[in-house]
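The values are calculated or read from the model by the stated rules, or taken from the named source; none is laboratory data. Keep in mind that what you see is a predicted model, and the values were worked out from it rather than measured. All Cβ positions, glycine included, derive from the backbone under ideal geometry; neighbour counts span all protein chains shown.
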Amino acid sequence: MLLDKIEKANDIKKIDKSDYGELAEEIRQFLIQKISVTGGHLGSNLGAVELTMALHLALNLPEDKIIWDVGHQSYTHKILTGRKDGFDVLRQFHGMSGFPKRKESSYDAFDTGHSSTSISAGLGLVKARDLKGEKTTIVSVIGDGSLTGGMAYEALNNAAKLETNFIVILNDNNMSISENVGGVSKYLNNIRTATGYLDLKEGIYNALKSKPGGDGIVNRLRRAKSSFKQLVIPGMFFEDMGVTYLGPVDGHDIEGLIKVIEEAKRVKGAVLIHVMTQKGKGYGPAEKHPARFHGAEPFDIETGIPSHPRTVANYTDVFSTVMCKLGQRDERVVAITAAMPDGTGLKRFRNMYPDRFFDVGIAEEHAVTFAAGLAAGGMKPIVAVYSSFLQRAYDQILHDVCIQNLPVVFAIDRAGLVGSDGETHQGIFDYTYLSGIPNMHICAPKNKWELSDMMKFAVALEAPIAVRYPRGTAYAGLAEYRAPIELGKAEWIVREGGIALFAVGSMVKTAEEVQALLHEKGYRASIINARFIKPIDEEAVLSACEDHDMIVTMEENVLSGGFGEKVLTCLNDHDRQIKCVMAGIPDAYVEHGNVDLLKKEIGLDAVSITEKILEKL
Ligand SMILES: Cc1ncc(C[n+]2csc(CCOP(=O)(O)OP(=O)(O)O)c2C)c(N)n1
Ligand SMILES: CC(=O)[C@@H](O)[C@H](O)COP(=O)(O)O
Ligand SMILES: [Mg+2]
């Protein structure tokens, strides 16, 4: 096996040129085999094997630096930098991350996870290099999907005036997670088909010329040439900006790639190499279903079918169903996603109401202001978005939605611990970043029925509101508790005095477990489903003080600025003295791994919370 010879960085340079193809094949088989067991981002990695090999061959790592946009395609880079063994524990607790991590390897130049940051980070490294008088090569690798994000253009705009070398590689596989969308995607498509277009143009000219009067038509067409120019001359957009464009080049031809990288190194300024790759290359099911194999669960290699098919609905499924109902009830309901129609469950809404569905690309900031515009225009926009990705649209929520009190609904999926994606993707900050914004309302459902009810409530509210729910199985317990949703009202599940467990969203289920453990120890405990984080139900908190000895707040959010702090403020404002325990996420980033293990680690499982309560008692 050639792969056995790759034990550390730069070992690839000892491989004979004639064996590059064989090594690429071995890497692909390795990735398919390992990811079929652990799960992970398969498609993007299979597409980037040759590109990564070429970069490692043409660069001198770690002095030269590669910044991987999103970082989900960095698996071959990990293999080539001595981390093959890590794939047995890929994205597992205390195992290897699925993204580049500076703390994991000195060959990882910059941490990523969220998209469209690589050019800014690369430019920063270039400036640092120049200021220190160093002579190294900095390469940012960005996908066509990530190039739909605004930050990439802010960075290119800035990079265009560079007078020293900075290489941007556009890894264009004509796919985001789902189909890539929008004008940039169309532009790249045009470049891709430019050769065919040239042939077509010649064919048309020749055919017209042979017809009577055809010459005149050809001349008129030629005069209109400038509008064709964008199609025919690849890279005009970048060139006009001041960024040298090289390409398009075949992203699976290692020697061709090395040649163009060497050429790019000689450019004094920013240079973009447009590389064409195929997502999922070399594995039939992934080539055929790139969206399904973008982030794959463990699967059977032979068939590509998931090893543990899902049998119960998750919260995304519930959201997906209620969205279709909401769309049917009210024609003003429109749905917006930032490149996540599959992940957020909006695909069914898109199929039913294509005119009222908007995929804006990986552009969360734009998605939010666009929604504000829709709301100002009389629509009822629902922005379906992952909690961690919404972080970048903070100002748009505040400035464009909330100051004007516009009725935008934020359906925040992946809120709470998400598991294997780790620290960049944990959705544990949304209570905090949303609750300080005036006019914003925030609620979280305890189970699948409550998600439906909350979505209906949210659409009727006529004010900004966030409904947040976690990744994974939708809780189907407590079915009999379905009191109508009232703004700022909690729901008493059980009232028995003793310890009042105020739980939010996913933590209501944990509160049931805590109550059972407390009963075993002979303590009484009430369960209150808080429902609203903003406004909190002050009446319920104050009333609990009357017949309880302790209040426990439970939330899957950082404690700082979260639900528990709001309850403490309420108690303080009303001069109530009562013992309190706050269960939530500490002031630290939470790594990747199984969610149950992570909860144990940070003390957010039922046993740890019960211990904390008993200690305080
Ligand atoms: C800010 C942000 N929004 C959404 C995502 C989710 N996401 C991860 S990869 C991806 C698609 C990226 O497409 P592209 O850059 O073309 O890379 P490819 O997957 O095609 O290799 C998306 C939408 C993210 N990581 N960051
Ligand atoms: C890399 C990235 O940001 C996405 O692919 C993300 O991993 C998707 O997460 P889900 O699996 O929760 O949809
Ligand atoms: Mg892509």
Single condition residue 287 does not satisfy, out of (1) more than 16 Å from ligand 2 (Cβ to nearest atom); (2) among the acidic types (Asp, Glu); (3) within 24 Å of residue 36 (Cβ to Cβ); (4) touching a residue at least 60 places away in the same chain (Cβ under 8 Å): (4)
Which of the residues spanning the stretch 272-285 are more than 20 Å from the chain's Cα centre (by Cα), farther than 30 Å from residue 165 by Cα and within 13 Å of ligand 3 (Cβ to nearest atom)? 281
Specify which of the listed residues (437, 485) is away from ligand 2 (no atom under 16 Å from the Cβ) and closer than 18 Å to residue 560 by Cα. 437
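Taking the stated definitions as given, is residue 89 within 16 Å of ligand 3 (Cβ to nearest atom) and either within 14 Å of residue 45 (Cα to Cα) or surrounded by fewer than 19 Cβ atoms within 10 Å (Cβ to Cβ) (or both)?
Numbers: within 16 Å of ligand 3 (Cβ to nearest atom): no; either within 14 Å of residue 45 (Cα to Cα) or surrounded by fewer than 19 Cβ atoms within 10 Å (Cβ to Cβ) (or both): yes.
Taking the combined requirement at face value, the residue does not satisfy it.
Residues 86, 95: which one is at pLDDT 95 or above and in a loop (DSSP other than H, G, I, E, B)? First the steps, then the outcome.
Details: 86 fails: in a loop (DSSP other than H, G, I, E, B).
The unique qualifying residue is 95.
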Does the stretch 79-87 contain at least one residue that is within 17 Å of residue 139 (Cβ to Cβ) and in contact with a helix residue (DSSP H, G or I) (Cβ under 6 Å, 6 or more places away or on another chain)? yes
Please indicate, with yes or no, whether at least one residue in the stretch 227-240 is in contact with a strand residue (DSSP E or B) (Cβ under 9 Å, 6 or more places away or on another chain), under 30 Å from residue 17 (Cβ atoms), assigned to a loop (DSSP other than H, G, I, E, B) and modelled with pLDDT of 95 or more. no
Which is surrounded by fewer than 24 Cβ atoms within 10 Å (Cβ to Cβ), over 27 Å from the mean Cα position of the chain (by Cα) and part of a helix (DSSP H, G or I), of 478, 517? 517
Out of 65, 34, 17, which single residue is more than 15 Å from ligand 1 (Cβ to nearest atom), closer than 22 Å to residue 276 by Cα and either within 25 Å of the chain's Cα centre (by Cα) or of a type outside the set (Lys, Arg) (or both)? 65
So is residue 483 closer than 17 Å to residue 411 by Cβ and either touching a Leu at 6+ places or on another chain (Cβ under 7 Å) or of a type outside the set (Phe, Trp, Tyr) (or both) or not? no
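Which of the residues belonging to the stretch 490-509 are surrounded by fewer than 21 Cβ atoms within 10 Å (Cβ to Cβ) and in contact with a helix residue (DSSP H, G or I) (Cβ under 6 Å, 6 or more places away or on another chain)? Before the answer, list the steps.
So in the stretch 490-509, the residues surrounded by fewer than 21 Cβ atoms within 10 Å (Cβ to Cβ) come out as 492-498, 509.
497 - this is the single residue of the stretch 490-509 that is surrounded by fewer than 21 Cβ atoms within 10 Å (Cβ to Cβ) and in contact with a helix residue (DSSP H, G or I) (Cβ under 6 Å, 6 or more places away or on another chain).
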In the stretch 585-598, anything within 21 Å of residue 90 (Cβ to Cβ) and touching a residue at least 24 places away in the same chain (Cβ under 8 Å) is listed as 589, 590, 591, 592, 593, 594, 595, 597, 598
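Residues in the stretch 274-290: is at least one modelled with pLDDT of 90 or more and over 19 Å from residue 175 (Cβ atoms)?
no
A quick yes/no check of all residues on (1) buried (at least 24 other Cβ atoms within 10 Å of the Cβ); (2) assigned to a helix (DSSP H, G or I):
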{"residue": "67", "(1), (2)": "yes, no"}
{"residue": "104", "(1), (2)": "no, no"}
{"residue": "107", "(1), (2)": "no, no"}
{"residue": "127", "(1), (2)": "no, yes"}
